[in-house]
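Student: Can you keep this structure in mind? I'll have questions shortly.
No lab work stands behind these numbers, since they all come straight from the coordinates. The shown structure was predicted, so the numbers you read here are calculated from the model rather than taken from an experiment. Cβ atoms come from the backbone with ideal geometry, glycine included; neighbour counts cover every protein chain shown.
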Amino acid sequence: MKNIVYFILLFLVSLQFSCSDRDKVDLEAERTQVMGVLDDFIKAHETKDPELLLSCFSQESNLLILGTDENELWVDKTSLEETQKRAYETFDKVKLSVRDKVINISPYGKAAWFYMRVDWFVNAQGENYKLNDIRTTGVLKNEGKDWKIVQLHTSLPVEGQAVKY
């Protein structure tokens, strides 16, 4: 009986330490850091800065980026960098307008996911292009002191309903 009491006390003490304040995360501070990454992502496109763009993404090999064009699938930073450098060379000016931004962070501050709607205004080779309502979603991972994007997906919605439901 005495051993059971000691076991229960030991269990309760270990439970107290496992749920202590040291595991609590300041989610607002984490949200601010995630917002900073997303702001850098936007700024990188507007300033046509591939290094800043790449700094937003994880170094890990499980990267997944889907763009709006049929061939825009990247699974590593090297192929993303090559494509973005070529794109930035053809763009004279890029301006992004972001709205409807939603950011969620896991309770322990290890992962975050987001949604934002983005209008792209691009001038390329003397022509103006406007892409409205590009839905951009993604997942970020807390890699120690820094948040990095590990998954990104952009899509253009179809007008109306593609299929009635």
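Student: Can you tell me the orientation of helix 77-90 relative to the chain, as the angle in degrees between its alpha-carbon axis and the longest Cα principal axis, to the nearest 10?
Tutor: 30 degrees
Student: Determine the dipole magnitude for the stretch 24-155: charges of +1 sit on the beta-carbon of Lys and Arg, -1 on that of Asp and Glu, nothing else is charged, the reference point is the Cα centre, and the result goes in debye to the nearest 20.
Tutor: My answer is approximately 380 debye.
Student: Add +1 for every Lys or Arg and -1 for every Asp or Glu among the other residues with Cβ under 10 Å from the Cβ of residue 53, and state the total.
Tutor: Net local charge, residue 53 excluded: 0.
Student: Work through the residues other than residue 158 whose Cβ is under 12 Å from its Cβ and net out their charges, Lys, Arg +1 and Asp, Glu -1.
Tutor: -1
Student: Give me the Kirkwood hydrodynamic radius of the chain in Å, from all C-alpha pairs, to one decimal place?
Tutor: It works out to 18.4 Å.
Student: Which length gain, in nm to one decimal place, applies between residue 27 and residue 123 when the Cα-Cα distance is subtracted from 0.36 nm times their residue separation?
Tutor: 30.7 nm
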